[in-house]
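Written out below as structure tokens is the structure these notes cover.
The values are calculated or read from the model by the stated rules, or taken from the named source; none is laboratory data. Keep in mind that this is a model prediction, so the values were computed, not measured. Counting neighbours? That spans all protein chains shown, and the Cβs are built from the backbone with ideal geometry, glycine included. Surface accessibility is based on the protein's heavy atoms, side chains included, excluding ligands, DNA and RNA. Shrake-Rupley method; radii C 1.70, N 1.55, O 1.52, S 1.80 Å.
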Amino acid sequence: MTGDSSAINNLLSHITDRQRAVVVNRFGLEGKEPQTLATIGDVFGITRERVRQIEVGSIATLRADFMKDKALGAMVNEAEKALKGMGGIGKDEDFVKACAPFGGGMSGPHLVFLARVSEQFHFSAETESLHSFFYSDQKALKKAEALIIKLSKYMNAKQGRVSSGSGRDLLSDFVR
């Protein structure tokens, strides 16, 4: 694993080899790209759903051990402050950048993994219309949803100007 990952290695030592392989591959903890449920399922000869169940169960098991590690707890508290500084919501890539200064040299996948294991953050997976993102609480999520709806209505009302290439100007006007 890359970066200062001894804390993660310690956490992963509390789950079975199969659970560890699923988690490591799912989050890309060994310097490789994170793998899909289907890809991991093919390797183990199990369904995507079974891989998802193993991932969820592993995270639940790791969460209890995570809460006992004071250094990881301090890191997550700093990450929570960083996310709140972003308005309580941020794309996972932006969240990782904000956490880098106190992340102990951990790579992006390691930081995402720790955020997902901790209970201090909520995660929304990528969909057809949204990037994946972390959010601090329901209030931050609702605020972001309201802003998106308001922006969407504004841009739809100005559709002619958007299609003529004035989208950037409209966005600036909206922000003011």
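Tabulated data
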read-out	value
Every residue from the range 68-99 that is open to solvent by 60 Å² or more (accessible area, probe 1.4 Å), part of a helix (DSSP H, G or I) and under 28 Å from residue 36 (Cβ atoms)	93, 94, 97
Any hit, the range 34-51, residues being under 17 Å from residue 119 (Cβ atoms) and in contact (Cβ under 8 Å) with a residue 24 or more places away in the chain	no
Index of the failed condition, residue 75 passing every other in (1) modelled with pLDDT of 95 or more; (2) touching a Cys at 6+ places or on another chain (Cβ under 9 Å)	(1)
Residue check for residue 93: among the charged types (D, E, K, R), within 13 Å of the chain's Cα centre (by Cα) and on the phi < 0 side of the Ramachandran plot	yes
Residues of the range 27-67 satisfying the condition of being surrounded by 14 or more Cβ atoms within 10 Å (Cβ to Cβ), over 20 Å from the mean Cα position of the chain (by Cα) and of a type in the set (A, V, I, L, M)	46
Residue tally, condition of a type in the set (A, V, I, L, M, F, W, C), modelled with pLDDT under 90 and within 9 Å of the chain's Cα centre (by Cα), over the range 124-136	1
